[in-house]
Amino acid sequence: MDNEVLFTEHALTMLKERKFTMEFIKDIVLNPDYKDSSDDKLWSAIKKIEHKVLRVVVKGEQKPYIVITMYYDRRLRQTMMAEERRNQNESKS
């Protein structure tokens with residue numbers, strides 16, 4: 001598993017700033033809740049963590065994946081929360 005996910009210098013800086021471990025981010029890349037493709041070369045591994053949504057931007061279609069950056073995605077969190085509320089309301093009907 002050591003060579004399945006690599007990190008750019010920027011990603012390593014973000015790890016330290018955001019106090020994430022490499023193992024935590026590797027797990028998200030390899031086992032995301034959702035995947036989102038922005039173009040041919042980049043995709044995002046998305047993980048819901050309590051009331052936040054973490055987006056890990058990744059390069060590569062096959063291993064080794066290269067982590068570019070990671071951040072809490074507020075816009076996606078709002079979208080997901082609205083969808084959850086909608087689903088709850090539909091299940092009550």
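The values are calculated or read from the model by the stated rules, or taken from the named source; none is laboratory data. A quick note: this is a predicted structure, and the numbers were derived from the prediction, not measured. For the accessible areas, the whole protein counts, side chains as well, though only heavy atoms, and no ligand, DNA or RNA atoms are used. Shrake-Rupley method; radii C 1.70, N 1.55, O 1.52, S 1.80 Å.
Under a Gaussian network description of the chain, with springs only between Cα atoms under 10 Å, the residue in GLU23, GLU83, GLU50 that fluctuates furthest is GLU50. Going through the cross-link list LYS19/LYS63; LYS52/LYS92; LYS16/LYS41; LYS19/LYS41; LYS19/LYS48, which pairs have a Cα-Cα distance over 21 Å in this structure? The pairs that break the limit, which is 21 Å between Cα atoms, are LYS19/LYS63; LYS52/LYS92; LYS16/LYS41; LYS19/LYS41. A 1.4 Å probe run over the chain, with the rest of the protein chains in place, finds 72 Å² accessible per residue.
Computed over the chain, the Cα gyration tensor eigenvalues convert (square root of 5λ each) into semi-axes of 27, 14, 11 Å, ordered from largest to smallest.
Computed over protein heavy atoms with a 1.4 Å probe, the carbon and sulfur contribution to the accessible area of the chain reaches 48%.
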